[in-house]
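The next block holds one structure in the form of structure tokens; read it before the comments.
The values are calculated or read from the model by the stated rules, or taken from the named source; none is laboratory data. All of these numbers come straight from a predicted model, not from anything done at the bench. As a convention, Cβ positions derive from the backbone with ideal geometry for all residues, glycine included, and neighbour counts pool all protein chains shown. Just so you know, the surface numbers come from the protein's heavy atoms only, side chains and all, with ligands and any DNA or RNA stripped out. Shrake-Rupley method; radii C 1.70, N 1.55, O 1.52, S 1.80 Å.
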Amino acid sequence: MSDLVGDARAWSPDAQEAVRLLAVSALVEGRDRVEAAALFKVSVRAVDNWWAKWQAGGRGALLSRARGRRVGEHQVLSEAEQAAVRQAVLDHIPSDLGLSGQLWTRGQTGELIFKLYRVRFTEPGVGKYLKRWGLTFQRPDKRAVEQDPEAVRLWHEETWPAIRARAKAENAEVLFGDQVGIRPDQVTGRTWGAKGTTPIVRRTGNRFSVNAMSAISTRGRMHFMVFTESFDAKVMCRFLARLVGHFDRKIHLIVDRHSAHRSKTVRAWLAGHKDQIELHFLPSYSPELNPDELVNADLKRSLPHTHRARNQTELTAETRRFFHRRQRRPHIVRGYFGGPHVRYVLDENPLSF
């Protein structure tokens, strides 16, 4: 007669663990190995094996373990090597390290591993490492190569806090402003269509555009001006004059370094209104620091969902309607300050201007 009475391998891990513990307990209580095997419907060989494990390692030797390899077991790359590759991916783009391109893919990461350690991985294998390192495949933010990281750091740590403190001391209003150009042929977003067939959006062949200047505050206020001429110093002065007319206290307006903002004409105008408004400039090539850029993006996303303008008059009217709608919904305006790169405005001074 075979000593294999049952096959515990078909049982769940919890059931196997329970049987091992009970069988050994029966032996401790004085039952013999054959009796214990028959009682729990397992082979005598299995009982002998459990008894040996119990004697060598105690109860812990009989507990179930998660199947598969332990974390780090039999990995080709050591922990130090993995840490080095992970940090290289986070701190550099491929071209910095003698590879091609600016974006890390599984293939590019595999090439880096081979370059450093002469080990080849399949792309799924590299993907497992990337996942283990807590990395995910994401759409990157764009930054101008001309941007000065030190200027951005100074803006966050010194310039912006100083503007905020002055505005609070003067009981002034802080606004972020920007200009935007809109064309009727701009199509943003996505639409549904048949698989394999690209949808077609009809648009006018006429070429015309409209410009706008806007300014927003953390209080949810929005001020704007829509115009059809090119944006220049005279237009900027007109906007500033309209802006100060809406306030009975001083304004600190933060804008980018557009040439019109820094022109002699604008500086002369500001000199005559220094008790009403003061201009501050963001670091060069840093649009992500300006929450009013999110207004521009919202405008360009929203216009295609309304009636498609056939001439400049219609486009001007649609643009004005957008700004009027946003003015009536201050919670949306405040929401522009919740973007990941402009949240610093609220974090450092939560609606306390």
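List of remarks:
- Any pair with Cβ under 6 angstrom, 6 or more apart, that starts in the range 253-276 at a residue that is hydroxyl-bearing (Ser, Thr, Tyr) and ends at one that is open to solvent by less than 30 Å² (accessible area, probe 1.4 Å): 263/233; 265/233
- Residue check, residue 301 closer than 20 Å to residue 183 by Cβ and open to solvent by 60 Å² or more (accessible area, probe 1.4 Å): yes
- Of all residues in the range 330-349 being without any contact (Cβ under 8 Å) to a residue 24 or more places away in the chain and open to solvent by 70 Å² or more (accessible area, probe 1.4 Å), the one that is nearest to residue 302 (Cα to Cα): 340
- Taking the criterion of being open to solvent by 30 Å² or more (accessible area, probe 1.4 Å) and farther than 20 Å from residue 299 by Cα, the residues of the range 231-246 that qualify are 232, 234, 238, 241, 242, 245, 246.
- Residue in the range 274-292 that is assigned to a helix (DSSP H, G or I), open to solvent by 30 Å² or more (accessible area, probe 1.4 Å) and closer than 21 Å to residue 164 by Cα present: yes
- Odd one out for residue 170, checked against (1) closer than 30 Å to residue 296 by Cβ; (2) exposed (fewer than 15 other Cβ atoms within 10 Å of the Cβ); (3) within 25 Å of the chain's Cα centre (by Cα); (4) modelled with pLDDT of 80 or more: (3)
Each row is one residue, and each column tells you yes or no for (1) open to solvent by 10 Å² or more (accessible area, probe 1.4 Å); (2) assigned to a loop (DSSP other than H, G, I, E, B); (3) in contact with a strand residue (DSSP E or B) (Cβ under 6 Å, 6 or more places away or on another chain).
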position: 229; (1), (2), (3): yes, yes, no
position: 253; (1), (2), (3): no, no, yes
position: 257; (1), (2), (3): yes, yes, yes
position: 261; (1), (2), (3): no, yes, yes
position: 267; (1), (2), (3): yes, no, no
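- Restricting the first member to the range 230-242 and to residues that are aliphatic (A, V, I, L, M), and the second to residues that are open to solvent by 70 Å² or more (accessible area, probe 1.4 Å), the beta-carbon pairs closer than 7 Å and six or more apart or on different chains are 233/265; 235/229.
- Any hit, the range 200-217, residues being touching a helix residue (DSSP H, G or I) at 6+ places or on another chain (Cβ under 9 Å), at pLDDT 95 or above and β-branched (Val, Ile, Thr): yes
- Pairs where the first residue, in the range 80-104, is modelled with pLDDT under 80 and the second is part of a loop (DSSP other than H, G, I, E, B) and not hydrophobic (A, V, I, L, M, F, W, C), C-beta under 9 Å, 6+ apart: 102/140
- Qualifying residue in the range 304-316 (condition: open to solvent by 10 Å² or more (accessible area, probe 1.4 Å), closer than 15 Å to residue 212 by Cα, aliphatic (A, V, I, L, M) and part of a helix (DSSP H, G or I)): no
- Candidate set: the range 207-222, residues that are open to solvent by less than 10 Å² (accessible area, probe 1.4 Å) and part of a loop (DSSP other than H, G, I, E, B); chosen: the one farthest from residue 252 (Cα to Cα): 220
- Summed over the range 1-59, the residues that are at pLDDT 85 or above, outside any helix (DSSP H, G or I) and open to solvent by less than 30 Å² (accessible area, probe 1.4 Å) give a count of 2.
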